[in-house]
1. Name the pairs: first residue in region 140-156 and open to solvent by less than 10 Å² (accessible area, probe 1.4 Å), second residue of a type in the set (S, T, Y) and within 16 Å of ligand 2 (Cβ to nearest atom), Cβ to Cβ under 9 Å, at least 6 apart or on different chains?
2. Can you confirm whether A75 is of a type in the set (A, V, I, L, M), surrounded by 16 or more Cβ atoms within 10 Å (Cβ to Cβ) and outside the structural domain of S215 (by TED's automatic domain parsing)?
3. Among what's in region 206-221 and is free of Cβ contacts under 8 Å to residues at least 40 places away in the same chain and not in a loop (DSSP other than H, G, I, E, B), pick the residue that is nearest to ligand 2 (Cβ to nearest atom).
4. Would you call I250 closer than 22 Å to V284 by Cβ and assigned to a helix (DSSP H, G or I)?
5. When the residues of region 174-205 are narrowed to those that are open to solvent by 30 Å² or more (accessible area, probe 1.4 Å) and within 16 Å of ligand 2 (Cβ to nearest atom), which ends up nearest to G48 (Cα to Cα)?
6. Working carefully through the options S70, S101, find the one that is open to solvent by less than 10 Å² (accessible area, probe 1.4 Å), under 22 Å from N213 (Cα atoms), in the same structural domain as T309 (by TED's automatic domain parsing) and touching a residue at least 24 places away in the same chain (Cβ under 8 Å).
7. Kindly check whether there is at least one residue in region 158-168 that is touching a Lys or Arg at 6+ places or on another chain (Cβ under 7 Å), within 16 Å of ligand 2 (Cβ to nearest atom), over 19 Å from N37 (Cα atoms) and open to solvent by 30 Å² or more (accessible area, probe 1.4 Å).
8. Write out, first by first residue and then by second, each pair whose Cβ atoms fall under 8 Å of each other, whose residues are 6+ apart or on separate chains, and whose first residue, in region 42-55, is among the acidic types (D, E) while the second is open to solvent by less than 60 Å² (accessible area, probe 1.4 Å) and more than 16 Å from ligand 2 (Cβ to nearest atom).
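The values are calculated or read from the model by the stated rules, or taken from the named source; none is laboratory data. This structure is a prediction, so every number in the text was calculated from the model and none was measured. Here the Cβ positions follow ideal geometry from the backbone for every residue, glycine too, while neighbour counts run over all protein chains shown. Just the protein is used for accessible areas: all its heavy atoms, side chains included, with ligands, DNA and RNA removed. Shrake-Rupley method; radii C 1.70, N 1.55, O 1.52, S 1.80 Å.
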Amino acid sequence: MRRIIVFAVIALMLVPVVVSANGAPDAKGGKIVIGANIYSFADNFMNGVMKPELERYAAEKGAAIIIVDSEGQQAKLNDQVDVFIAKEVDVLAINLVDPASAASVIEKASAAGIPLILFNKEATEAGIMGTYDKVWYVGTNSAESGIIQGEMMVADWKEHPEWDKNKDGVVQYVLLKGEPGHPDAEARTVESVKAFRDAEIPVEQLALEADPNWSTQHGNDKMQAWLTASFGDRIELVICNNDGMAFGAINALKAAGVWLPLYGVDALDQALTHIEDGEMNGTVLNDGVGQSRATVDLAVNAALGKDVTDGTNWIIEDNVSKAVRVPYVAVTPENYQDFR
Ligand code: BGC
Ligand code: CA
């Protein structure tokens, strides 16, 4: 009997949640409209993983989402935010172009009283999240990806003494960094290499190149140039801060008939194939699907004036970062099949 009553009470409590999840009506009784952007549709991870899931999951929740391309220009994004505000969207989901330029977007949202979810590029200006009560962030713990990538590389290096080509006990590496000033690029660059130092394996950086677009083209061009540089023969390890750049580096290596241990981040489908083919030694799952869902969940709740994590399993880290951080996972030749 008690059990039946408990079930009945739970069922009653669920009714309004189910209704709003299917219909997601905004304050005016229409569909919730999310005004969103991607910093650049040319980015493999943003366009290939996050954008489709933002669209699919918003539709599943009964919300409308408009996603525009900021084409790598912060000024363009600022204009797009103005247009969204003029159109009276219910909530903004913004992928900053420049992580140091959150202030202008936050000011616009705050002046219009529209809730704002920043995602993928965490604002770097100290204290900025405290300037508006209706701004939150969805992303990852940037350092975690570098730590996981570093641990994989250290374990493999120890298992493969032949990777130390010149037998000097030092890891001669090259690194494809991604966007300078992007918290993910900065943290990965530091943490992956630090793992070697922590394991008391000395490292020597032969080259490091940044690229604001995190692109395959850049990975290809840099790797090609490095292979023919004076230090080309000494390279023992290729560290890539994302899979997109890793794909380019793999192309260049194959074209030159060279094989080198190589690692990425993101776990894009193509990376799993490269792992299968032995062209990549590991990557780190950057859970874009989870981050897209968290972005939409928070956006819909914020638009409804609810607690942003209401009815979800997401956790806001603290009231300074106001961040939901989706965990990274190591992807290796042993477990890559689980990520297909
Ligand atoms: C991803 C990169 C992507 C970048 C865009 C990072 O978290 O790992 O692949 O280019 O976000 O901001
Ligand atoms: Ca060496």
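1. If the second residue must be of a type in the set (S, T, Y) and within 16 Å of ligand 2 (Cβ to nearest atom), the pairs left are M153/Y173.
2. no
3. Restricting to residues being free of Cβ contacts under 8 Å to residues at least 40 places away in the same chain and not in a loop (DSSP other than H, G, I, E, B), the top hit is L206.
4. Answer is yes for this residue.
5. For region 174-205, the residue satisfying everything is Q205.
6. Exactly one of S70, S101 is open to solvent by less than 10 Å² (accessible area, probe 1.4 Å), under 22 Å from N213 (Cα atoms), in the same structural domain as T309 (by TED's automatic domain parsing) and touching a residue at least 24 places away in the same chain (Cβ under 8 Å), namely S70.
7. yes
8. If the second residue must be open to solvent by less than 60 Å² (accessible area, probe 1.4 Å) and more than 16 Å from ligand 2 (Cβ to nearest atom), the pairs left are D43/W214; D43/S215; D43/G244; E53/G288; E53/V289; E53/S292; E55/I65; E55/I67.
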